[in-house]
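Inspection log for the structure reproduced underneath, given as structure tokens.
Quick note: the coordinates plus some simple rules give every number you see, no bench work behind them. Because the structure is predicted, anything quoted here is derived from the model rather than measured. Backbone-built Cβ (ideal geometry, glycine too); neighbour counts: all protein chains shown.
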Amino acid sequence: MPVILAIFLVIINISAVFGFDLPVSRISDDSLLRNRMKEAWLTEAPGRVLSQRARNEVLENGERVLVSAIEGREEFMVLFSRELIRGTSIENRRATREFPGWAQGSWMITRRKDTGAGTLIRFFPRSDQNTHIQFRPFDREKSLMDVVIYGAHVSRSIPVAAPFERLYTMQLKDILSLVENKLPLRYLEPDPLNYRDSRRMIEQIRKNLGDLRFADDGAIDENGNYVFIETLRPQNPNRAGLNCSGFSKWLIDGLLRPVTGNRLAIEPLKAPFGERGSSFTINWEERRDVFFGLDWIRNLAARANETLRSASYRELAEFEVRENNFSSLVVNENRTFVIHSYPGFMPEAGYEIHGLHPLLYTLAIDEPYSFYLAAISTEISTPSSLRGTPRLRQYYHIAAIVPYFDEYGNFKIAVFESAAETSFGALRGRYPGHHINLVKIPVSAEFNP
């Protein structure tokens, strides 16, 4: 990826995402402006383009666009930056006088400084710097299109029957008509109304967190008593609390109690569930407890899906997340962005955690009425007391993850773990190189732990 583009991405990522976006088909056309600016900004010699001052332009419908250029070492970018729009609904939208470069409808065209040739066109269909459609030159008659969601290519190298420079001035609707059957439009037009129950559930969880504290190996049993998970013995009331496993049970109990009137028993949640391990690992399970976290979230998911959906949804294939919605990721390596392959779901491990952000985005779109319990694992060396035993993958931490869109259409991720709300950045940053297994839980606006 060009260095100038990497610099641009670093700059815009310090900005907040907000606004209320229109459907892609309703984004106002600015092709007349791009056509008028073509000679002076898009085909003119690089030195002359870079010597020009930024200028404000107004579209026929009154929307404002800031035309400017950013210089890099080997390339430069010409930006058609739309004015950022805020609002509480499509009918109540107002201009902000801000032109961040990624507001809905903005274009970015990257050119070489030595030859002036275009190398990349990027279009922002939403006011989200992490979501864009981009085009690359291929030959004299065709270009290639990618759809990038939070660094992941959900579509890559889709042929577009138009020369690259022709895209400089084409109307957006004409460009999209060339790829309409191959464009995953659902990822570009989330409906905030689909996430009302998720937002309500998050609010209810937050209201109840103040009564909790962390305690190693702590959980609440079916009778409402604080006990230790391993022995089921009572905890000291003065220090009673929940660990990550006990907290995930508390959360699921809060969803099921309004329906069943009861909490779950602890012992059944420890039972092996589904395929995992082998004849080799079974010899170490008792001493190492390597699959505890995986079995725990699977049992919780089975009970939640059985109760909140139907008995047929308690099967592992129904609730374990195994989708592979993308095969490559854009990774920042020393301020240079490069494309790496992404293996997706792997049995006995789950997903590499560095691809979790775009995975949760696509899951939020595809499964708007679900959230997830996550079991985090890595290969762990043997404790010193068990010298000579092998390195084994161990599921040792559990978190609850709720991906959703707020009422303004902004993508967010709520994370709850170990009797507290943390953050997605903290979760991902804490476990570099780890894997994460996800099970799907139905969202419910009724929460009573």
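At 20 °C and 1.002 mPa s, what whole-number value in µm²/s does Stokes-Einstein give for the translational diffusion of the chain, with Rh from the Kirkwood sum over Cα pairs?
88 µm²/s
Which of the aspartates and glutamates could a cross-linker bridge to Lys113, judged by Cα under 20 Å and excluding same-chain residues fewer than eight apart?
Lys113 reaches Glu39, Glu44, Glu71, Glu74, Glu75, Glu165.
So for Asp139, Asp406, fewest C-beta neighbours within 10 Å to most, what's the order?
Asp139, Asp406
Using Cβ counts within 10 Å as a stand-in for footprinting exposure, how do Lys173, Lys207 rank, fewest first?
Ordered by Cβ neighbours within 10 Å, fewest first: Lys207, Lys173.
For the chain, what does -39500 (n - 2.57) per DSSP helix run (n ≥ 4), summed and divided by total residues, give at 222 nm, in deg cm²/dmol to the nearest 500?
-6500 deg cm²/dmol
Return the long-range amide H neighbours of Thr96 (sequence gap of 5 or more, or a different chain), with a cut-off of under 5 Å between placed amide H atoms.
Placed amide hydrogens put Leu84, Arg86 under 5 Å from Thr96.
Among residues other than Ser341 whose Cβ falls under 13 Å from its Cβ, what is the net charge (Lys/Arg +1, Asp/Glu -1)?
The answer is 0.
Please turn the phi angles of the range 29-42 into ³J(HN,Hα) values with the Karplus equation 6.51 cos²θ - 1.76 cosθ + 1.60 (θ = phi - 60°), one per residue in order, whole Hz, x for glycine and proline.
The phi angles translate into 7, 10, 5, 5, 5, 4, 5, 5, 8, 4, 5, 7, 10, 9 Hz.
Say we join alpha carbon atoms closer than 10 Å with springs in a Gaussian network model of the chain; which of Asn410, Asn238, Asn208 then has the biggest fluctuation?
Asn238
How large is the charge dipole for the chain, taken about the Cα centre, if only the Cβ atoms of Lys, Arg (+1) and Asp, Glu (-1) carry charge, to the nearest 20 debye? Mind dumping the intermediate values first?
Details: 55 positive and 55 negative charges, 176 e Å.
With only Lys, Arg, Asp and Glu charged at Cβ, the dipole is about 840 debye.
Working from the pairwise distances between different alpha carbons, so that the mean of 1/r is found and then inverted, what is the range 193-442's Kirkwood radius in Å?
19.0 Å
Helix 3-12: angle to the longest alpha-carbon principal axis of the chain, degrees 0 to 90, nearest 10?
For helix 3-12, the angle is close to 60 degrees.
Mind checking which of Ala374, Gln394, Pro432 is farthest towards the positive end of the chain's charge dipole, using Cβ charges of +1 (Lys, Arg) and -1 (Asp, Glu) about the Cα centre?
It is Pro432.
Taking H placed 1.01 Å from N in the peptide plane, check which residues at least 5 places from Phe371 or on another chain put their amide H under 5 Å from its amide H.
Amide H neighbours of Phe371, under 5 Å, 5+ apart: Ile441, Val443.
Can you give the relative contact order of the chain as a percent, counting alpha carbon pairs under 8 Å and 6+ residues apart?
15 percent
Highest GNM mean-square fluctuation, the chain, Cα pairs closer than 10 Å: which of Ser370, Ser81, Ser312?
Top of the fluctuation ranking is Ser312.
Among Leu50, Leu183, which comes first, then next, by fewest other beta-carbon atoms within 10 Å?
By the 10 Å Cβ count, ascending, the order reads Leu50, Leu183.
³J(HN,Hα) across the range 113-129 via Karplus (A = 6.51, B = -1.76, C = 1.60, θ = phi - 60°), whole Hz, x for Gly/Pro?
So the J values, rounded to whole Hz, are 6, 7, 10, x, 5, x, 10, 7, 10, 10, 10, 9, x, 9, 7, 8, 5.
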